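J.: There's a structure below that I have some questions on.
The values are calculated or read from the model by the stated rules, or taken from the named source; none is laboratory data. Note that this is a predicted model, so its numbers are computed, not measured. Every residue, glycine as well, gets a Cβ built from its backbone with ideal geometry; the counts of neighbours run over all protein chains shown.
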Amino acid sequence: MMIVFRMRQFFIILLMLILFHHYLFTQDNKDIVNFYPTVNSLAKFPELFKALTIIQQRKIDSLYVTFIGYKNQKKFFIGAITKIPIHDPNTEISRIVEFQGSKPFLGKVSTWGYIFDRNKDGKIDYAALVGGAAVFKNDKIGDKFPPRNQRLDHEQTKFFVSHCEIIFNHWADDNFDGNIDAVIHADMDPSKDLVEQMIVVRSTKFDNSFDDVWAFREDPQHEHKKITHTSYSVPFHPLGSTQGKITKEMLAEKSAYLQLFNKAAAACNIKPSDFGIK
């Protein structure tokens with residue numbers, strides 16, 4: 001009798017742990033800061049041995065929206081918006097940086113990203129979109145690079161080619177109303193072509209006022225560098241330029257991307273179970 005009671009206790013505790021784990025990873029950890037590490041890992045370490053295939057493609061207005069997943073699987077986790085249809089994602093989309101000589105090349109199609117439905121309502125609410133290609137700075141890399149516009153020597157070129165990565169900027173609709181209200185965006189070194197850090201910009205009250213702004217290099221959970229900003233403008237150094245600002249207009253532009261994805265998803269009768277990498 002005691003054994004049965006203890007077994008019952010064990011299974012009740014196990015069930016509670018499972019439910020807590022499910023709650024933890026399906027509710028509290030779904031905002032942009034907590035979801036970013038998962039997406040960043042997928043972006044940095046793509047399973048290149050798995051071939052891609054087109055799951056759905058739909059023309060919306062004058063653009064083609066394509067949903068892509070692994071071959072022989074029905075789920076998708078990549079979305080692309082192009083002026084002409086994609087025929088073969090394996091040759092048209094590159095999940096790693098390729099090179100033409102020493103110049104980085106992002107593939108025939110660079111208007112794509114990793115897309116997710118975090119709250120399982122059948123609508124895309126998170127997109128990590130391609131923003132370019134560069135080397136990410138750390139304590140060892142900074143000294144190896146010359147100032148911007150100065151030609152790389154042979155050793156620096158080899159270093160650049162071996163360390164260059166695709167930059168993904170992360171955009172999220174954290175209250176699931178169809179509009180982007182948070183971004184984690186690459187910020188370049190002021191004087192060198194290196195990614196200095198990632199900037200977090202959020203409107204936690206969802207009123208277009210930026211009330212949560214800071215930066216990190218690797219770990220958003222434990223790094224919080226202060227950033228000078230206003231409620232409506234966050235300065236940063238974009239790739240290929242010396243000055244830029246993250247504004248509500250920039251978030252509205254990416255909201256239009258999100259709405260286009262979701263218009264296509266509705267036209268394709270996308271269901272919550274259609275999202276995922278397996």
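J.: How many residues does segment 220-252 contain that are of a type outside the set (A, V, I, L, M) and either in contact (Cβ under 8 Å) with a residue 12 or more places away in the chain or surrounded by 17 or more Cβ atoms within 10 Å (Cβ to Cβ) (or both)? It would help to see each step written out before you state the result.
T.: Start the filter on segment 220-252 by keeping residues that are of a type outside the set (A, V, I, L, M), which leaves 220-226, 228-233, 235-238, 240-245, 247-249.
Checking the rest, the ones that are also either in contact (Cβ under 8 Å) with a residue 12 or more places away in the chain or surrounded by 17 or more Cβ atoms within 10 Å (Cβ to Cβ) (or both) come to 220-221, 225-226, 229-233, 236-238, 240, 242, 244-245, 247-248.
Count: 18.
J.: Still on this structure: Can you tell me which residue within segment 204-217, out of those that are within 15 Å of I184 (Cβ to Cβ) and without any contact (Cβ under 8 Å) to a residue 40 or more places away in the chain, is surrounded by the most Cβ atoms within 10 Å (Cβ to Cβ)?
T.: From segment 204-217, those within 15 Å of I184 (Cβ to Cβ) are 204, 210, 212-217; that's our starting set.
Those left that are additionally without any contact (Cβ under 8 Å) to a residue 40 or more places away in the chain: 204, 210, 212-216.
On the way: T204: 14, F210: 25, D212: 13, V213: 18, W214: 18, A215: 21, F216: 18.
So, considering only residues that are within 15 Å of I184 (Cβ to Cβ) and without any contact (Cβ under 8 Å) to a residue 40 or more places away in the chain, the one surrounded by the most Cβ atoms within 10 Å (Cβ to Cβ) is F210.
J.: Can you tell me which residue within segment 197-223, out of those that are in contact with a strand residue (DSSP E or B) (Cβ under 7 Å, 6 or more places away or on another chain) and at pLDDT below 95, is farthest from D139 (Cα to Cα)?
T.: Result: P220.
J.: Let me ask you something else. Can you tell me which of (1) assigned to a loop (DSSP other than H, G, I, E, B); (2) touching a helix residue (DSSP H, G or I) at 6+ places or on another chain (Cβ under 9 Å); (3) under 28 Å from K158 (Cβ atoms) is the one I86 doesn't meet?
T.: Failed condition: (3).
J.: Further question: Sort out which residues of segment 110-158 are modelled with pLDDT under 85 and of a type in the set (D, E, K, R), and write them in order of number.
T.: Within segment 110-158, D139, K140, D143, K144, R148, E155 meet the criteria.
J.: Now, a different point. Using beta carbons and a limit of 6 Å, which pairs, at least six apart or on different chains, have the first residue in segment 253-278 and touching a residue at least 24 places away in the same chain (Cβ under 8 Å) and surrounded by fewer than 17 Cβ atoms within 10 Å (Cβ to Cβ) and the second one part of a helix (DSSP H, G or I) and not polar (S, T, N, Q)?
T.: Partner pairs satisfying both residue conditions: none exist.
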